[in-house]
Amino acid sequence: MDKREADTLKGIRRLRLETHALEEMKAFYARTLQLEITDSEPNQFTVHAGGTLLTFVGAESGRPVYHFAFNIPENMFAEAKAWLRTRVAILRNTDGSEDFEFRSWNAHACYFLDPAGNIVEFIARHNLQNARAGDFGPQDILYASEIGIVVDDVRAAAEAVRDELGMRPFVTGMPDPGADFCAAGDDHALLIIVKKGRAWNVGGTIPAEVFSTQVVIAGDRDGDLKLAGFPYDIRIVNRDGHDTSRYRMA
């Protein structure tokens, strides 16, 4: 197994989200992003996004909106944007650029919306040894590496994530979790913990709200976190002892 293949065994292995636009979402992920649908039922479908099985379930009410990110090869940011540009409208930074540079993370990212209004991110993390040659394609959507978790108290949630899952604030030298934002984890898997109402997008028009979220992360230990009062099921599973890609979610 080469380093790139080993990299895809990390990250978020299962992700279960709700949507009010099930059929539109199914068409988008299968046709626009050209990902394989591995399971389809009347009220849900699962898409194979590299090392992640991403399930969308029909929402009983409301219009759920999430933020999640996919890792891509660290050297293919420009190629990924060119591929996306023929399929979706890429969101722009305040300076009009499609590029978002995170210097402390040593990463470049771009964002777009899916039919449900989810803020989807492609991120090239240059600390990872997952470069490849050739043209970008759906096979280069490696795995989900971020999911937003919306709470009332970011500091308390970050402490629970640290204690129960062993996921600490990302990037050595970062300050303690702020009042409205904390990224916890590593380059492979991050929980983006934000305060309810904080804007997800750069223009500040999409507020972070609470919606049912189930996550299974491949890690170095086992852990299970449920935040009181919130519809979250967040699990970390020792990748050496479990096939996390097959982990069943209710």
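The values are calculated or read from the model by the stated rules, or taken from the named source; none is laboratory data. Model, not experiment: these values are computed from the prediction. Cβ placement follows ideal geometry from the backbone for every residue including glycine, while neighbour counts extend to all protein chains displayed. Areas reflect the complete protein model, heavy atoms only, side chains present, ligands, DNA and RNA absent. Shrake-Rupley method; radii C 1.70, N 1.55, O 1.52, S 1.80 Å.
Annotations
- Just one residue in the set Glu121, Glu146 is closer than 22 Å to Ala59 by Cα, within 17 Å of the chain's Cα centre (by Cα) and surrounded by 15 or more Cβ atoms within 10 Å (Cβ to Cβ); that residue is Glu146.
- For the stretch 163-179, the set of residues classified as at pLDDT 90 or above and either among the aliphatic types (A, V, I, L, M) or over 12 Å from Ile193 (Cα atoms) (or both) consists of Asp163, Glu164, Leu165, Gly166, Met167, listed by residue number.
- Residues within the stretch 54-64 that are open to solvent by 10 Å² or more (accessible area, probe 1.4 Å) and within 24 Å of Ile217 (Cα to Cα), tallied: 3
- Residue count for the stretch 32-62, restricted to those that are closer than 11 Å to Pro115 by Cβ and of a type outside the set (Phe, Trp, Tyr): 1
- Enumeration of residues in the stretch 130-143 that are in contact (Cβ under 8 Å) with a residue 24 or more places away in the chain, open to solvent by 20 Å² or more (accessible area, probe 1.4 Å) and over 22 Å from Tyr29 (Cα atoms): Ala131, Arg132
- Among the candidates Gly197, Gly166, residue that is on the phi > 0 side of the Ramachandran plot and free of Cβ contacts under 8 Å to residues at least 24 places away in the same chain: Gly197
- Residue match in the stretch 22-35 (condition: under 24 Å from Val202 (Cα atoms), touching a strand residue (DSSP E or B) at 6+ places or on another chain (Cβ under 6 Å) and not in a loop (DSSP other than H, G, I, E, B)): yes
- Answer from Arg246, Arg221, Arg198 - the residue that is over 18 Å from Leu17 (Cβ atoms) and modelled with pLDDT under 85: Arg246
- Subset of the stretch 207-236 (residues that are closer than 18 Å to Ser145 by Cβ and open to solvent by 20 Å² or more (accessible area, probe 1.4 Å)): Gln214, Asp220, Arg235
- Of the residues His48, His67, the single one that is within 13 Å of the chain's Cα centre (by Cα) and surrounded by 16 or more Cβ atoms within 10 Å (Cβ to Cβ) is His67.
- Enumeration of residues in the stretch 47-78 that are among the hydroxyl-bearing types (Ser, Thr, Tyr) and under 26 Å from Ile90 (Cβ atoms): Thr52, Thr55, Tyr66
- Scan the stretch 36-53 for residues that are within 16 Å of Val216 (Cβ to Cβ) and part of a loop (DSSP other than H, G, I, E, B) and the total you get is 2.
- Within the stretch 70-104, being in contact (Cβ under 8 Å) with a residue 24 or more places away in the chain, open to solvent by 20 Å² or more (accessible area, probe 1.4 Å) and assigned to a loop (DSSP other than H, G, I, E, B) holds for Glu74, Asn75, Arg87, Val88, Ala89, Leu91, Arg92, Asn93, Thr94, Ser104.
- Of all the residues in the stretch 105-129, those that are farther than 19 Å from His48 by Cα and either free of Cβ contacts under 8 Å to residues at least 12 places away in the same chain or not in a strand (DSSP E or B) (or both) number 7.
- Set side by side, the residues Leu91, Leu113 differ, and just one is under 14 Å from Gly203 (Cα atoms) and touching a Phe, Trp or Tyr at 6+ places or on another chain (Cβ under 7 Å), which is Leu91.
- Condition met for Phe56 (aromatic (Phe, Trp, Tyr), in contact with a strand residue (DSSP E or B) (Cβ under 8 Å, 6 or more places away or on another chain) and either under 23 Å from Ile192 (Cβ atoms) or in a loop (DSSP other than H, G, I, E, B) (or both)): yes
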